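Asker: Sharing a structure here in structure tokens format.
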Amino acid sequence: MLDNRQAAPTAMRMQIGARLRRLREEKGIGRAQAGAAIRGSASKMSRLELGRHAFKPRDVHDLLDLYGVHDAGEREGLLDLVRQARRPGWWQSFGDVVPNWFEQYLGLEQSASSIHCYEVQYIPGLLQTREYAQAVIGLEHQEGVDRRLSVRMARQEILRRPDRPAQLWAVIDEAALRRPIGGPATMRGQIEHLIAVSEGMDNVNVRILPFAAGGHVALGGPITVVRFAHHDLHDVVYLEQLTGARYPEGHEAARYQEIMDLVTGRACHPARTAAFLKDLLSDL
């Protein structure tokens, strides 16, 4: 089960939705019938079960009645999760600089057991130095740079949690490493940071996809796959765009996971990462 002291609201909503979906399916009840029980529709039930929206305690009471769950302890345990999931995450105090479409991803990221990502344009946000991140943010925004930078640096704490650090598997396209962001000193500091984390952090696995690997199907943009320790929570594929994000599902999500595996397989072995980066550093 998710550690509720660390779990973010988004992941707890997903956990609640997964439990209620399982209870519904065990009773052979369709989404339309369940939706009607909470004065909604099948599409509303789908969004709730996917963790896209928060459950109201009254709706959970009604669904548990419909599903025949009368054990007081089980009901109270689920309702306690509902109450916790309605509490704001730390990033919600940065609502002026965190768009709605990014809030959901932050919630997923904070509760992930592992994150697999591919980046072609920039160094992944979880591995950016402060100077590099400031330069990247400055390219996209003229206001709120300092607050956006605070959010990006705070996100990285998931890699350094003493009790449950997230595992990060990052594939970085050589193009991102050779694109000068913030000037030579900033790029040197960024590459030195990548060397340090690849050699010194057991929970961080960095691979470089070199130009020599040729063309591949992921050239269109970044891919992130978020995974959770709790067995009820499915992997989430996240595709970030300039002014929004997509969360593909079903066969489309499975295809992106296949692409992520293919890209990882074509990247340099982790043992070669530091040597590749040191050679690159000597060219700066």
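Asker: Sorting Y238, Y247 by accessible area (1.4 Å probe), largest first, what list results?
Answerer: Per-residue accessible area, sorted high to low, gives Y247, Y238.
Asker: Mind running the shape call on the range 5-74? Use the C-alpha gyration tensor, a ≥ b ≥ c as the square roots of the eigenvalues: rounded below 1.5 for a/c, prolate if a/b tops b/c, oblate otherwise. Write out the running numbers ahead of the final one.
Answerer: Details: a/c = 1.73, a/b = 1.23, b/c = 1.40.
Oblate, since a/c reaches 1.5 and b/c is not below a/b.
Asker: Could you please tell me the mean projected area of the C-alpha convex hull for the range 196-240, averaged over all directions and given in square nanometres to one decimal? Please report the intermediate quantities before stating the final value.
Answerer: On the way: hull surface 20.2 nm².
If you wrap the Cα atoms of the range 196-240 in a convex hull and average its projections, you get 5.0 nm².
Asker: Where the accessible area of the range 20-125 is counted over protein heavy atoms with a 1.4 Å probe, how much of it, in %, is carbon and sulfur? Walk me through the numbers on the way to the answer.
Answerer: On the way: 2400 of 4880 Å².
Whole-percent figure for carbon plus sulfur exposure: 49.
Asker: At 222 nm, what value in deg cm²/dmol follows for the chain if DSSP H runs of at least 4 each add -39500 (n - 2.57) and the sum is divided by all its residues, to the nearest 500? Please report the intermediate quantities before stating the final value.
Answerer: Numbers: 12 runs with 144 residues, N = 284.
Value at 222 nm, helices only, nearest 500: -15500 deg cm²/dmol.
Asker: What FRET efficiency, computed as 1/(1 + (r/R0)^6) with R0 = 25 Å and r the Cβ-Cβ distance, is obtained for D283 and L219, rounded to the nearest 0.05? Working shown, then result.
Answerer: Working: r = 23 Å, r/R0 = 0.92.
E between D283 and L219, to the nearest 0.05, is 0.60.
Asker: If you don't mind, there's one more thing I want to ask. Short version: ³J(HN,Hα) in whole Hz for each residue of the range 108-121, in order, from phi by Karplus 6.51 cos²θ - 1.76 cosθ + 1.60 (θ = phi - 60°), x for Gly and Pro, what are they?
Answerer: 5, 4, 5, 10, 5, 8, 8, 10, 10, 9, 10, 10, 10, 9
Asker: Taking H as built 1.01 Å from N, whose amide H comes closer than 5 Å to the amide H of Q128, not counting residues under 5 places away?
Answerer: Here the answer is none, since no amide H 5 or more places off falls under 5 Å of that of Q128.
Asker: Right, another one. Which length gain, in nm to one decimal place, applies between Q241 and E25 when the Cα-Cα distance is subtracted from 0.36 nm times their residue separation? Don't skip to the answer; put the middle values down first.
Answerer: On the way: separation 216, 0.36 × 216 = 77.76 nm, distance 3.47 nm.
Difference between extended and current length: 74.3 nm.
Asker: Extending each Cα 7 Å along its Cβ direction at R178 and N100, get the distance between those two points in nm, one decimal.
Answerer: 4.1
Asker: May I pose another question? Given the convex hull over the Cα atoms of the range 135-284, what projected area results after averaging over all orientations, in nm²?
Answerer: Averaged projected hull area, Cα only: 10.5 nm².
Asker: Here's another thing I want to ask about it. May I ask you to derive the FRET efficiency for Q84 and A254 from their Cβ-Cβ distance with R0 = 30 Å, giving the value to the nearest 0.05?
Answerer: Working: r = 31 Å, r/R0 = 1.04.
The pair Q84/A254 has a calculated efficiency of 0.45.
Asker: Could you tell me whether the range 113-206 comes out rounded, prolate or oblate from its Cα gyration tensor? Rule is a ≥ b ≥ c as square roots of the eigenvalues, rounded for a/c under 1.5, then prolate if a/b exceeds b/c, otherwise oblate. Write out the running numbers ahead of the final one.
Answerer: Details: a/c = 1.84, a/b = 1.29, b/c = 1.43.
Here the range 113-206 falls in the oblate category.
Asker: Could I ask something else about it? May I ask you to list the lysines whose Cα is less than 30 Å away from that of K56, ignoring any residue fewer than eight positions away on the same chain?
Answerer: K27, K44
Asker: A further question on this structure: At R0 = 41 Å, how high is the FRET efficiency between R160 and A36 if r is their beta carbon distance? Nearest 0.05 is fine.
Answerer: Values: r = 47 Å, r/R0 = 1.14.
Given R0 = 41 Å and the Cβ-Cβ separation, E is 0.30.
Asker: Also, quick follow-up: Per residue of the range 213-220, what does 6.51 cos²θ - 1.76 cosθ + 1.60 with θ = phi - 60° give for ³J(HN,Hα)? Whole Hz please, x for Gly and Pro, Karplus curve as stated.
Answerer: 6, x, x, 7, 6, 9, 5, x
Asker: Of the accessible area of the range 156-284, with the probe set at 1.4 angstrom, what percent is carbon plus sulfur? Walk me through the intermediate numbers first.
Answerer: Details: 3540 of 6500 Å².
Within the range 156-284, the accessible surface is 54 percent carbon and sulfur.
Asker: Starting from the range 230-284, pick out the trypsin sites (Lys or Arg not before Pro) whose DSSP state is loop and whose Cβ has at most 16 other Cβ atoms within 10 Å. Each step should come with its number before you reach the end.
Answerer: On the way: sites: R246, R255, R266, R272, K278; in loops: none.
Hits after loop and neighbour filter: nothing returned.
The values are calculated or read from the model by the stated rules, or taken from the named source; none is laboratory data. As the structure is a prediction and not an experimental result, all values here were calculated from the model. Positions of Cβ are generated from backbone atoms using ideal geometry, with glycine treated the same way; all protein chains shown enter the neighbour counts. Surface areas here come from the heavy atoms of the whole protein model, side chains and all, with no ligands, DNA or RNA. Shrake-Rupley method; radii C 1.70, N 1.55, O 1.52, S 1.80 Å.
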